1. Looking at the range 30-47, can you tell me whether even one residue there is among the basic types (Lys, Arg), more than 17 Å from the chain's Cα centre (by Cα) and either part of a loop (DSSP other than H, G, I, E, B) or crowded, with 17+ Cβ neighbours inside 10 Å (or both)?
2. What tally of residues in the range 1-47 results from selecting those that are out of contact with any Ser or Thr (no Cβ under 8 Å at 6 or more places or on another chain), acidic (Asp, Glu) and either within 14 Å of residue 70 (Cα to Cα) or not assigned by TED's automatic domain parsing to the domain that holds residue 66 (or both)?
3. Quickly run through the range 48-74 and pick out the residues that are of a type outside the set (Asp, Glu) and either in a loop (DSSP other than H, G, I, E, B) or assigned by TED's automatic domain parsing to the domain that holds residue 141 (or both).
4. Go through the range 114-183 and tell me which helices (runs of 4 or more DSSP H), entirely inside it, have 3 or more residues that are of a type in the set (Gly, Ala, Ser).
5. In the range 125-183, what count of residues is obtained for those that are aliphatic (A, V, I, L, M) and surrounded by fewer than 11 Cβ atoms within 10 Å (Cβ to Cβ)?
Amino acid sequence: MFNRVRRQQLKKEFEENLLESMNSLYNLGYRLTNNREAASDLVQDASLRAFRFYYQFEKGTNFKGWILTILRNTFINQYRKKVKEPAKVSYHAVEGFVEMPQISGFVEEVFGENLQKSVGDLPEELRTVVILFYVEELSYKEIAKVMKCPIGTVMSRLYMAKQMLKMKLKQFSENEVRKNELS
């Protein structure tokens, strides 16, 4: 009887903590996968894993950091597994790409899309730091805990990511200027 009551309490605590962290989980999942469905699957997998090991969570510590670490590790494990599998391409994916219209519209929209693509093209460790710092607004210390690395490493990764993004966006701007001059 006591064990059942304790399990129900743990389940309720976990669900409350999970709900508070759900937006952050999905945001990081989406930024890592660049796909809404894959992000939802990743969040679900990480949530299940976290629930299975919730008894190991130390009360009074940062639940959000703990579960974001689980999400990141789940993504890395899935990525490593996919790398070992042969590449698969569906016809629908190629069909949509071939029929994609030319990019047009406001420069701001294109720049925003290019920024998202540029962030998505960053190496996983740099992309994760950027997302955790700018999107999730975690401190260097919290990011270091999530990524299991020193604060100095977080700071240098963030710096490298900013430099890479500046270069990519500068190249994009120069290409846009050249296109406009030619037309």
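The values are calculated or read from the model by the stated rules, or taken from the named source; none is laboratory data. In this text the structure is predicted, and so the values were computed from the model without any measurement. Cβ coordinates were reconstructed from backbone atoms using ideal geometry, including for glycine residues, and neighbour counts include every protein chain displayed.
1. Here is the first cut: in the range 30-47, the residues among the basic types (Lys, Arg) are 31, 36.
Adding the requirement that they be more than 17 Å from the chain's Cα centre (by Cα) leaves none.
There is no residue in the range 30-47 that is among the basic types (Lys, Arg), more than 17 Å from the chain's Cα centre (by Cα) and either part of a loop (DSSP other than H, G, I, E, B) or crowded, with 17+ Cβ neighbours inside 10 Å (or both).
2. Selection size over the range 1-47: 1.
3. 53, 57, 59, 60, 61, 62
4. In the range 114-183, the matching helices (runs of 4 or more DSSP H) lie at 151-182.
5. Count: 2.
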